[in-house]
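Below: one structure, written as structure tokens.
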Amino acid sequence: MKTVIRNGRIVTAVDDYNADILIEDGKVAMIAKAIDAEADKVIDAKGRLVIPGGIDPHTHMDLPFGGTSSSDNFETGTIAAAHGGTTTIIDFAVQYKGQELNEALDVWFAKAEGRTSIDYGFHLICTDLPDSRLPQMKSMIDQGVSSFKLFMAYPGVFLVDDATIYKAMQVAGANGGLICMHAENGVVIDAIVKQALAEGKTAPKYHALTRPTKAEAEGVHRAIALAEIAGTSVYIVHLSNSDSLEEVTRARDNGTPAYAETCPQYLFLDYSVYEQPGFEGAKWVMTPPIREKWHQEKLWRGLKFNDLQVVSTDHCPFCFKEQKELGLNDFSKIPNGGPGVEHRMSLVYNGGVAQGRISVNRFVEITSTAAAKIFGLFPRKGTIAVGSDADIVIFDPDEEMTISAKTHHMNVDYSCYEGMKVRGVTKTVLSRGDVVIEEGKYVAKPGRGQFLKRGLAFSPR
Ligand code: URP
Ligand code: ZN
Ligand code: ZN
């Protein structure tokens with residue numbers, strides 16, 4: 001099968017030029033000023049950007065959490081991701097207490113098998129890592145699961161102690177793996193939550209008011225210190241605020257290989273979402289919570305100057321009806337997480353490029369290339385180059401759309417960005433050369449996505 005994309009403006013993390021692309025057998029076969037080869041399919045990209053497919057390295061499809069399960073499974077969630085120009089997700093498998101790492105991974109393989117429309121990889125959340133189980137991390141890395149998430153939050157559920165974090169960092173580092181850290185001081189947060197509930201503070205806004213930025217920044221500081229002691233790198237997930245960013249910036253300025261992602265919710269939303277009437281604020285109950293508005297420009301600055309490397313979504317949707325409502329009388333029982341996988345590319349393009357905060361190359365880098373490099377997918381993914389997978393998005397930089405639950409494809413009954421107008425729309429999406437989205441319509445079949453056996457974590461500065 002041969003496909004030619006003509007007349008587009010190819011933008012990667014480093015390039016920006018007009019050329020045609022020939023795709024053969026799912027790979028980029030040739031890039032040239034003009035390609036007149038015979039093709040089975042010709043796509044005209046005139047007036048549009050031709051960019052590497054987005055990589056979202058932080059999703060939770062079908063995740064049992066907070067007494068329920070995230071409402072997108074691997075079928076609905078990857079279709080939604082594709083609509084928004086994301087062609088790869090890295091989802092989080094979970095090892096529960098008592099499980100061997102392989103057992104945990106098998107459960108997530110079964111969840112994804114036959115359902116995905118785009119390619120996918122896994123990180124592994126580890127919750128039970130006695131010394132005897134640490135060597136299993138190497139076997140995970142050998143199987144292409146080269147990153148692990150550890151939690152400093154959620155005592156009794158996900159939290160692991162500092163000694164475990166330190167030892168896991170040593171093993172990961174020695175074997176080319178990477179620790180992704182949920183950095184929040186969960187022990188202190190739990191004490192604050194208990195105090196709030198004892199005072200009768202049960203509304204959704206108390207989720208935010210019981211998770212101070214300093215509790216996150218302390219976790220970030222500790223995670224980086226532990227990585228320094230272990231002599232390895234660390235990747236901070238869902239960084240939400242300026243205090244935490246300062247910890248990462250200071251470490252990087254000192255030469256520590258610390259990396260971090262933020263998410264659209266922290267770039268575009270602010271604390272006022274929790275002050276909406278009634279139970280409405282539950283829609284934004286996620287961890288870390290959404291912060292005061294002034295943090296947003298600090299995060300953009302971090303993205304611009306590479307103190308933050310990646311924008312992921314932490315997509316973890318729960319319906320407002322029945323799921324978020326589990327916490328109607330107690331904010332601590334509201335399942336933590338929100339939807340986002342579909343709108344990341346448009347939101348970041350609009351807030352970043354259209355509003356003049358970052359270049360179009362940096363847009364590609366933070367939505368695709370950097371994640372490919374950090375998580376062992378580059379150069380197969382994350383760029384458009386001869387030999388790379390033809391994961392390509394044809395993106396209209398001028399078209400506008402209004403985000404709404406009425407039109408989105410995520411399996412959730414609300415949008416965090418309802419009514420927000422954005423410039424920059426994904427039109428056509430190719431995954432390994434197959435057209436998955438054509439002019440906004442899903443044209444593929446679930447099950448075509450492949451598991452990505454990732455390489456070792458490679459850490460770009
Ligand atoms: O609220 C969130 N972020 N839910 C998903 C789990 C996690 O900590 O990433
Ligand atoms: Zn987390
Ligand atoms: Zn998450």
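The values are calculated or read from the model by the stated rules, or taken from the named source; none is laboratory data. Source: prediction; values computed, not measured. Every residue, glycine among them, receives a Cβ derived from its backbone with ideal geometry; neighbour counts consider all protein chains shown. Each accessible area value is taken on the protein alone, full model and side chains, heavy atoms only, with ligands, DNA and RNA left out. Shrake-Rupley method; radii C 1.70, N 1.55, O 1.52, S 1.80 Å.
Proximity of backbone amide H atoms, modeled 1.01 Å from N, is registered between Gly338 and Cys316 at under 5 Å, excluding neighbours fewer than 5 places apart on the same chain.
If R0 is 25 Å, the Cβ-Cβ spacing of Glu297 and Glu418 corresponds to a FRET efficiency of close to 0.60. Heavy-atom accessible surface of the range 66-157, averaged per residue, reaches 28 Å², computed with a 1.4 Å probe. Taking each DSSP H run with n ≥ 4 as -39500 (n - 2.57) and averaging over every residue of the chain yields -7500 deg cm²/dmol at 222 nm. If the chain linking Val386 and Lys406 were pulled fully straight, counting 0.36 nm for each residue of separation and taking away their Cα-Cα distance, it would gain 3.3 nm.
In nm, to one decimal, how far is the modelled label at Tyr166 from the one at Asp398, with both set 7 Å along Cα→Cβ? About 6.0 nm separates the two model spin labels. Mind checking the angle between helix 101-112 and the chain's longest principal axis? C-alpha axes, 0 to 90 degrees, to the nearest 10. Relative to the chain, helix 101-112 is tipped by roughly 50 degrees. Phi angles of the range 294-302 translate, via the Karplus equation with coefficients 6.51, -1.76, 1.60 and θ = phi - 60°, into HN-Hα couplings of 4, 5, 4, 5, 5, 5, 4, 4, x Hz per residue; Gly and Pro are given as x.
What residues of the range 415-446 lie in the reach of a label at Glu275, counting those whose backbone N is under 17 Å from a point 7 Å from the Cα along Cα→Cβ? Once the point is set 7 Å along Cα→Cβ of Glu275, nothing inside the range 415-446 turns out to lie under 17 Å by backbone N. Here the range 195-244 has 54 percent of its accessible surface on carbon and sulfur atoms, given a 1.4 Å probe and all protein chains in place. Each label point was placed 7 Å from the Cα along the Cα-to-Cβ direction; for Lys27 and Ile229 their separation is 4.6 nm.
Given R0 = 51 Å, the distance between the Cβ atoms of Asn306 and Leu197 translates into a calculated FRET efficiency of 0.80.
DSSP bridge analysis restricted to the chain gives an antiparallel fraction near 45%, rounded to the nearest 5. Axis angle, to the nearest 10 degrees, between helix 162-174 and the longest C-alpha principal axis of the chain: 30 degrees.
Roughly what angle does helix 242-253 make with the longest principal axis of the chain, taking Cα atoms, 0 to 90 degrees, to the nearest 10? Once rounded, the angle reads 70 degrees.
I'd like the distance between the alpha-carbon centres of the range 311-362 and the range 258-304, rounded to an integer number of Å. Each part reduced to its Cα centre gives a spacing of 9 Å.
Alpha carbon centre of the range 19-53 versus the range 165-185: separation in Å? Cα centres, the range 19-53 to the range 165-185: 40 Å. On a per residue basis, the range 208-310 carries 34 Å² of accessible surface, using protein heavy atoms and a 1.4 Å probe. With a simple spin-label model that places each label point 7 Å from the Cα along the Cα-to-Cβ direction, the separation between Asp16 and Glu38 comes to 3.9 nm. Using the Cβ-Cβ distance between Lys97 and Val187 with R0 = 22 Å, the FRET efficiency computed as 1/(1 + (r/R0)^6) comes to roughly 0.80. Ignoring lysines fewer than eight residues from Lys149 along the same chain, the ones with Cα atoms less than 20 angstrom from its Cα are Lys97, Lys111, Lys138, Lys167, Lys373, Lys453.
Across the protein chains, with a 1.4 Å probe defining accessible surface, the residues Leu105, Leu226 rank Leu226, Leu105 from largest area downward. Per residue, the convex hull spanned by the Cα atoms of the range 53-374 amounts to 121 cubic angstrom.
Extension gain, Leu209 to Asn254, is 13.0 nm, computed as 0.36 nm per intervening residue step minus the present C-alpha separation. Across the options Asn411, Leu430, Ser132, the greatest Cα extent toward the positive end of the charge dipole of the chain (unit charges at beta carbon of Lys, Arg, Asp, Glu) belongs to Leu430. In a simple Cβ point-charge model (Lys, Arg +1; Asp, Glu -1; nothing else charged), the chain has a dipole of about 460 debye relative to its Cα centre. Rounded to the nearest 5, the antiparallel percentage of DSSP beta bridges internal to the range 1-157 is 45%.
Per atom type, the range 33-102 shows carbon and sulfur on 49% of its accessible surface, probed at 1.4 Å.
Can you list residues from other chains, or at least 5 along the same chain, whose modelled amide H is less than 5 Å from the amide H of Gly8? Hits under the 5 Å cutoff: Ala19, Ala45. Fully extending the segment from Glu325 to Lys445, taken as 0.36 nm per residue of separation minus the present Cα-Cα distance, adds 39.9 nm.
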